[in-house]
Amino acid sequence: MSSKSQEIEAVLGQKYRHGFVTDIESDSLPPGLDESVVAAISRRKQEPQFLLDWRLKAFRHWRTMREPAWASVRYKPIDYQDISYYSAPRAPTDAPKSLDEVDPKLLATYEKLGIPLHERARLAGVAVDAVFDSVSVATTFKDKLAKAGVIFCSFSEAVRNHPELIERHLGTVVPIQDNFFAALNSAVFSDGSFVYVPPGVRCPMELSTYFRINAAKTGQFERTLIIAAEGASVSYLEGCTAPMRDENQLHAAVVELIALDDAQIKYSTVQNWYPGDENGVGGIYNFVTKRGECRGRNAKISWTQVETGSAITWKYPSCVLKGENSVGEFYSVAVANNFQQADTGTKMIHIGRNTKSTIVAKGISAGHATNTYRGLVKILPGADGARNFTQCDSLLMGSRCAAHTFPYMEVRNPGATVEHEASTSKIGEDQLFYCLQRGVSAEDAVNMIVSGFCKAVFKELPMEFAVEAQNLLSVSLEGAVG
Amino acid sequence: MPGKNVLTISKLRASVAGKSILKGVDLQIGAGEVHAIMGPNGSGKSTLAQVLAGREDYEVEGGGVTFDGQDLLAMRPEERARAGFFLGFQYPVEIPGVNNAYLLKAALNAKRKRAGMPEVDAYEFLALIKAKMKFMQMNEAFLSRGVNEGFSGGEKKRNEILQMLVLEPRLAVLDETDSGLDIDALKVVAKGVNSLRGPDRSIVLITHYQRLLDYIEPDHVHVFSDGRILKSGDKSLARELESRGYDWIQEGRVA
Ligand SMILES: Nc1ncnc2c1ncn2[C@@H]1O[C@H](COP(=O)(O)OP(=O)(O)OP(=O)(O)O)[C@@H](O)[C@H]1O
Ligand SMILES: [Mg+2]
């Protein structure tokens, strides 16, 4: 029995593959946070007054807030004065106009990650808005998107070129006072992505951004805003990986999605940040606020995530279902190995009539890791005919890991239907042995079993992303996945 | 006359959870032979099968096993499988979400790789498995289902034989593959096993019932009791057991 567990752990014990540091000089602010730092960030980015005011308002509010302590994660207190809040790759001109102008070292970094930017973009027809540290350095396929009327650019660019869209929508889904980390992000956010799909337009390609945390001790505060106007649809892919280092790195992103009447937004994430070593040293702290609002009738927002990285993950992509007949979906695979702590889940807030939501959450724990699912399904009195289906499954590998499930339900409309299913299983030694007896290696067997467990989520990912997700899962759980 | 031994078990002793189960098993299986092992519940038949397959829960405490001249007990379970040792499980496990055909293809390729053969391509594999399924009278829907996921007891056993036919093992140990089968299914399973018979392959049938042996005629029959083989004979021994039970042998031993 125990020797089998050891075997599983040996298989799982593969080291983080994406651990390396690119030494591009960073133009960073010294550590520390006060109003002058907030103003300095805004000034460097040449932001309009409304945004500076908004940042300062957020900062003032943040100072009155306390860090949440309710998640099932433990970590050393973060010293917010010991973090540098701005870092930009140094470049001769402001932004490169083509890939040729991009720092070759940066491109080499992408190569190492297995993401040859230009090739990938050309072959897969994916527009890549590559975020390296905090500033966008390469954006492709803009023309094709522009023809369709789609705006896809870095957040800073959107602030410069479409300030009215930013001013109208920023903070309308995640208000500055929403939570501690969202307030902090609102004060100091560095950059991120902006998408606007005009009425009736189906975005002609999947939009993809690779995030990468690179400068030492630099907190990352990405801000993403995606707007799908009436009848528009868009699929957005977010993927990331980080270099190996000893310092814990704070990451507090905010993502806001807005779907108007008949609009659809599909947001897929593969997250593979450095989780810390086998002893739990280092790794990323990932405190993210992701929320989508189905503002119009028949709108649909779908979150799909594969979370394999970070030392600590605190993340609840949510849907506010305001519009009649609107639909929210959440499909998640969260893997926690070694000393990783994951506290993830979703919130589905049903406000409009006949709103529907589906939650499929798969948690995999190995080593000493803890994996917590925390979900809230809230059905307000006006949400006649609302329906929710929730399924939470946990898979335990070995005997020292843990899984917790906290499904909260708040149903204030008697006509609503809420269904919940949950299961916890140990990776069967019987299952493993069965595969071995057929000649399959332990590594392949574990991956097969895990992949089978995750199937319901993987099938929600866009094709090529599904392959990538399985690859990332394999890095955490090693080998090829069926 | 049978050729050289495929499997030689000598004085094999094994325990599980500190409890001694196998108490000195001696058995020789020649190429092309079919052996039947019968014996009362709890006597250690499945334990023997699992020890041969390399299940780590079982502690080998003495004795040895050679398989085609190699030290079987020194090999990892997957190496044993790739070398041609197949175990048809008494209770085949369900693996949800893992495609039945996918597992089998991975298994076949692992075996081919060891033999220095190229991987089977998807078309070739599909043609092969479809032919074998037809032979086993299995619906092709089973291809795309999860491994044994939601299969009935009889379907699981049929699936075991299907896997055996695709992997073409050198030695197959079938642990109560006949239990829980209706009479038609029993005939199909027997047909599958018989189709594999040949001068290079050996089969061990662990069973409680003469009925199976009506369809698959064994060369040798062994009676297993309290962790060892008490008596061996030809197929007539199975008939005698059917009519007289095990007591006479066990008593005979005491006497
Ligand atoms: N993991 C285990 N822990 C404790 N005891 C075990 C374990 N596995 C097997 N045993 C015991 O070993 C003995 C032999 O079991 P085994 O399954 O080999 O018998 P069998 O001959 O196959 O019986 P049956 O005809 O009922 O299938 C039984 O007493 C059983 O309870
Ligand atoms: Mg048995």
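Looking only at residues of the stretch B:152-164 that are away from ligand 2 (no atom under 16 Å from the Cβ) and more than 13 Å from every other protein chain (Cβ to nearest Cβ), we find that the one that is nearest to B:Leu7 (Cα to Cα) is B:Ile161. So in the stretch B:175-185, with the set limited to residues that are over 12 Å from B:Gln137 (Cα atoms) and away from ligand 1 (no atom under 16 Å from the Cβ), which one is farthest from the other protein chains (Cβ to nearest Cβ)? The residue in question is B:Ile183.
A count restricted to the stretch B:108-124 and to residues that are under 19 Å from A:Ala445 (Cβ atoms) and assigned to a helix (DSSP H, G or I) stands at 7.
Annotation note: of B:Leu22, B:Leu48, B:Leu87, the sole residue that is facing another protein chain (nearest Cβ under 10 Å), within 13 Å of ligand 1 (Cβ to nearest atom), at pLDDT 95 or above and surrounded by 18 or more Cβ atoms within 10 Å (Cβ to Cβ) is B:Leu87.
Among the residues that make up the stretch B:65-77, is at least one of them basic (Lys, Arg), within 26 Å of B:Asp219 (Cβ to Cβ) and away from ligand 2 (no atom under 16 Å from the Cβ)?
There is no residue in the stretch B:65-77 that is basic (Lys, Arg), within 26 Å of B:Asp219 (Cβ to Cβ) and away from ligand 2 (no atom under 16 Å from the Cβ).
The C-beta contact set for the stretch A:368-381 (first residue in contact (Cβ under 8 Å) with a residue 40 or more places away in the chain, second residue assigned to a loop (DSSP other than H, G, I, E, B), distance under 6 angstrom, 6+ apart or interchain) comprises A:His368/A:Phe339; A:His368/A:Arg400; A:Thr372/A:Ser72. Checking every residue in the stretch B:110-128 against the condition of being within 14 Å of chain A (Cβ to nearest Cβ), in contact (Cβ under 8 Å) with a residue 40 or more places away in the chain and under 18 Å from the mean Cα position of the chain (by Cα) gives at least one match.
Residue check: is A:Ser357 surrounded by 24 or more Cβ atoms within 10 Å (Cβ to Cβ), over 19 Å from the mean Cα position of the chain (by Cα), at pLDDT 95 or above and among the polar types (S, T, N, Q)?
On the way: surrounded by 24 or more Cβ atoms within 10 Å (Cβ to Cβ): yes; over 19 Å from the mean Cα position of the chain (by Cα): yes; at pLDDT 95 or above: yes; among the polar types (S, T, N, Q): yes.
The answer is yes for A:Ser357.
Within the stretch B:7-19, being buried (at least 16 other Cβ atoms within 10 Å of the Cβ) and within 16 Å of ligand 2 (Cβ to nearest atom) holds for B:Ala14, B:Val16. Within the stretch A:250-275, the set of residues being modelled with pLDDT under 75, crowded, with 24+ Cβ neighbours inside 10 Å and assigned to a loop (DSSP other than H, G, I, E, B) comprises A:Trp273, A:Pro275.
Taken together, A:Thr424, A:Thr405 contain a single residue that is under 17 Å from A:Ala336 (Cα atoms) and away from every other protein chain (no Cβ under 14 Å), which is A:Thr405.
Among residues of the stretch B:215-241 that are more than 14 Å from chain A (Cβ to nearest Cβ), those with a beta-carbon under 8 Å from a residue that is of a type in the set (Phe, Trp, Tyr) and within 16 Å of ligand 1 (Cβ to nearest atom) at least six positions away or on a different chain give the pairs B:Val223/B:Tyr246; B:Ser225/B:Tyr246; B:Leu230/B:Phe224.
Rundown of residues vs (1) surrounded by fewer than 22 Cβ atoms within 10 Å (Cβ to Cβ); (2) within 15 Å of ligand 2 (Cβ to nearest atom); (3) charged (D, E, K, R), yes/no style:
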site	(1), (2), (3)
B:Asp175	no, yes, yes
B:Asp182	yes, no, yes
B:Val188	yes, no, no
B:Leu196	yes, no, no
B:Val221	no, no, no
B:Asp226	yes, yes, yes
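The single condition among (1) in a loop (DSSP other than H, G, I, E, B); (2) more than 8 Å from chain A (Cβ to nearest Cβ) that B:Pro92 does not meet is (2).
Does B:Glu61 count as within 16 Å of ligand 1 (Cβ to nearest atom) and under 25 Å from B:Ala107 (Cα atoms)?
Values: within 16 Å of ligand 1 (Cβ to nearest atom): yes; under 25 Å from B:Ala107 (Cα atoms): no.
No; evaluated as a whole, the condition is false for this residue.
Quickly run through the stretch B:36-60 and pick out the residues that are more than 16 Å from ligand 2 (Cβ to nearest atom) and either in contact (Cβ under 8 Å) with a residue 24 or more places away in the chain or in contact with a Pro (Cβ under 6 Å, 6 or more places away or on another chain) (or both). The answer is B:Gly54, B:Glu59, B:Val60.
Just checking, how many residues over the stretch A:365-393 are in a strand (DSSP E or B) and at pLDDT below 85?
Residues flagged as in a strand (DSSP E or B) and at pLDDT below 85 within the stretch A:365-393 amount to 5.
The values are calculated or read from the model by the stated rules, or taken from the named source; none is laboratory data. Note that the structure is a prediction, hence the values are computed from the model and not measured. So basically every Cβ, Gly included, is an ideal-geometry build from the backbone, and we count neighbours across all protein chains shown.
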